[in-house]
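Shown next, in structure tokens, is the structure this report addresses.
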Amino acid sequence: MAHLLLRLLLLCSLLPGWLAVACAAPILDLTAGQTRAPLAAVTTFAVDARGEATASAMFADADAGRFQPVPADNATFGFVDGAYWFHARVANANHADSRWLLVLEYALLDQVDLYVRRADGAIAQFQSGDQHPFSQRSVSYRHPNFWLQITPGQPLDLLLRVQTKSSMQVPLTLYTPTAFIELARDAQLGMGIYYGILLALLFYNLILFVSLRDRSHFLYSLHVLGFGLVLFCLNGFAFEYFWPNSTWLANAAVPMSMSFAMLAMHLFARDFLELPRRSPLGNRVLLVLMAFHFAMLLASPFLDYRTAVLIGTAMVFPGVGAVIGVAIAVARRGFRPALLFLFAWGMLLAGTLVYAMVSFGMVSKTFATEYGMQIGSAAEMIFLSFALAYRWAALRDDNERIAREANEQLEQRVEERTQELSSALQQLGEAHARLREHSARDGLTGVFNRRYFEQAFAPLLAQCAADAKPFSLLITDLDHFKRVNDEHGHLTGDDCLRCIAATLQHCAGDSAVVARFGGEEFVVLMPGAEELSARRTAEAIRQRIAAQVFALEGDRQLHLTVSIGAATVGSGVVVEPDTLLRRADDALYEAKRSGRNRVVQGSAAA
């Protein structure tokens, strides 16, 4: 009875102070239907630089209002010394659930002490963080967490002491049991998809390495393994699944995995970009970075955790910058796979820089910033896999080209040797040389020569007959061309022929074949052209040439005209090439006899 009376007197003595605190401190009311409650808006904090303050002293400071509000409702402070104390007050207004889970949504906190002060003044203490075995956590989850009993009408004061050598990030959120199960389910699903992608890429490229013996696929697999291991540690999965009872490994694995990932990244970039051959300077830069990260990999277990993590995180910037720089340099020198490499690395760069900026407290912690590295690295690794396939195809094509050129050179040498030993092959070589001398183009006018015309005429005519299309032929002759040569010289005549050829090509279009038939005569093959279309083209040629003025020395001018004979074969009609040529030729001579400077259409074969 005396004991009960003593507790009642103590409660009465504390009641005025409690009322003052209730009026001054912000409080989070848990209302009906609420399943998740972030505490940032009601969280205040204080810094214990020496890390020696007690919970009772910090409760007194919080009651006296000496704690500061969390900046911008974001409890991210970067790498700091000492202990940070966080205070929040929660109450159950009318919520049916009285059991809530408090989750610190950052996996790398070393020492977390939670002090819960109830309405009767009783204080309970709980501990978590990666300095304690994983089995001590309230729920087997990658983030530190604590069960709270929040009874309606009995508010709780939460005082959290956090001291860590990693980045100080303390986002606090309350969950109902059902909401936490949904959170854990969704998070595990997302992470399962992410790590499933990494495992698929890892084993796929290992299989390619075994089958193709291409070193790049093995180094890419190391790159995937390194990044996957880093994120497995940073997300808290390594502590949860690999070494739940080793608090030393929980810390040491983070800088070691970072060093291994950066080392693998530079190894892959150096090999993929072929730096020893394509950029010796860039190769030397990456070799220096690789030596540094290899040294950090060996030294990390013996260095102070914060020192190792700060160095590893800070080296992300120059490491990524160096890879991007050498990739740009190699791409500018014509190595096209480097463009895909750059695109993939742009995604990883964004995610990595965002994570590093969160670690240093430069940006606030949101879903996009917290999981930016996972998003960026997944996209980067998928596109790097595409880049590897593209690079392999390019190397294959280069190898085939080199082999083809080698075979051609070998064949050439064999031919040369054979020509020296065999007079028959020598004669064949001379025949080939003579054949090469006869170009398909007329040397003066640039249009096709008669040899080409004779080779192309029959196949084009046969193709139009097979496709049931018409075919037209024009023969053009320059009127009084002998007089031009006699009166003005052959050079002027050559200029006139070149001009005539250019006019024919322009008026006939790209689908027609223009050839010099001989002397001042030209032929135009017009597959698919009906009689009316051919006549219009011929008339356009005649008028254009008649309208041209050729300037001569001494302000003299020269006017030229042409006579054109045309012949057309109707759709689907089979006719011999010589027959069609004879009809066009007869039409040309009819134009000559009729006074020149005109177009005459020969009889059509319908």
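The values are calculated or read from the model by the stated rules, or taken from the named source; none is laboratory data. Computed from a predicted structure; not experimentally measured. All Cβ positions, glycine included, derive from the backbone under ideal geometry; neighbour counts span all protein chains shown. The protein model used for the area step is the full one, side chains on, heavy atoms only, and it has no ligands, DNA or RNA in it. Shrake-Rupley method; radii C 1.70, N 1.55, O 1.52, S 1.80 Å.
Tabulated results
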item	result
Bins of 5 Å, starting at 0 and running to the largest distance - Cα pair percent for segment 47-103	4, 13, 20, 20, 19, 14, 6, 3, 0
For segment 454-606, accessible area per residue (1.4 Å probe, heavy atoms of protein chains only), Å²	49 Å²
Gyration tensor over alpha-carbon atoms, segment 279-354, equivalent ellipsoid semi-axes in Å	27, 15, 8
Student exercise, the chain dipole from Lys, Arg, Asp, Glu Cβ charges, in Debye to nearest 20	600 debye
Within the chain, helix-based [θ] at 222 nm, where runs of 4 or more DSSP H residues each add -39,500 (n - 2.57), nearest 500	-19000 deg cm²/dmol
Gyration tensor verdict on segment 70-133 (Cα atoms; rounded if a/c is under 1.5, prolate if a/b is larger than b/c, oblate otherwise)	prolate
Solvent accessible area, Å² - E420, 1.4 Å probe, full protein context	130 Å²
With DNA, RNA and ligands ignored, accessible area of H488 (1.4 Å probe; Å², nearest 10)	50 Å²
Nearest-20 debye value, segment 81-154 charge dipole, Cβ charges on Lys, Arg, Asp, Glu	280 debye
Cα gyration tensor shape for segment 472-586, rounded if a/c is under 1.5, else prolate or oblate	prolate
By average C-beta atoms within 10 angstrom, highest first, the peptides 247-260, 582-595	247-260, 582-595
Among L298, W243, A64 - extreme Cα towards positive end, dipole of the chain, charges at beta-carbon	A64
Percent breakdown of C-alpha pair distances by 10 Å bin, ordered from the shortest bin, for segment 186-321	12, 36, 35, 15, 2
Sparse-neighbour loop sites [trypsin sites (Lys or Arg not before Pro); segment 482-564; at most 11 other C-beta within 10 Å; DSSP]	R556
Solvent-accessible area of Y106 with every protein chain in place, 1.4 Å probe, in Å² to the nearest 10	20 Å²
R0 of 25 Å, Cβ-Cβ distance S98-D186: FRET efficiency to nearest 0.05	0.55
Accessible-area composition of the chain, carbon plus sulfur, in percent [1.4 Å probe]	59 percent
S166 long-range amide H proximity, modeled H, under 5 Å	D110
Segment 138-220: translational diffusion in µm²/s, Stokes-Einstein, Kirkwood Rh over Cα pairs, 10 °C, 1.306 mPa s	92 µm²/s
Net charge dipole size for segment 150-295 [Lys, Arg +1 and Asp, Glu -1 on Cβ; Debye, nearest 20]	600 debye
Within segment 441-474: backbone nitrogen closer than 16 Å to the F550 label point (7 Å, Cα to C-beta)	444-446
Translational diffusion of segment 37-167, µm² s⁻¹ [Kirkwood Rh, Cα pairs; Stokes-Einstein; 4 °C; 1.567 mPa s]	85 µm²/s
For the chain, share of DSSP beta bridges that run antiparallel, in % to the nearest 5	90 percent
The chain, relative contact order in percent, only Cα pairs under 8 angstrom and at least six apart counted	9 percent
Debye log10 I(q)/I(0) for the chain, one point scatterer per Cα, at q = 0.05, 0.07 Å⁻¹	-0.51, -0.68
Heavy-atom accessible area per residue - segment 80-227, 1.4 Å, Å²	38 Å²
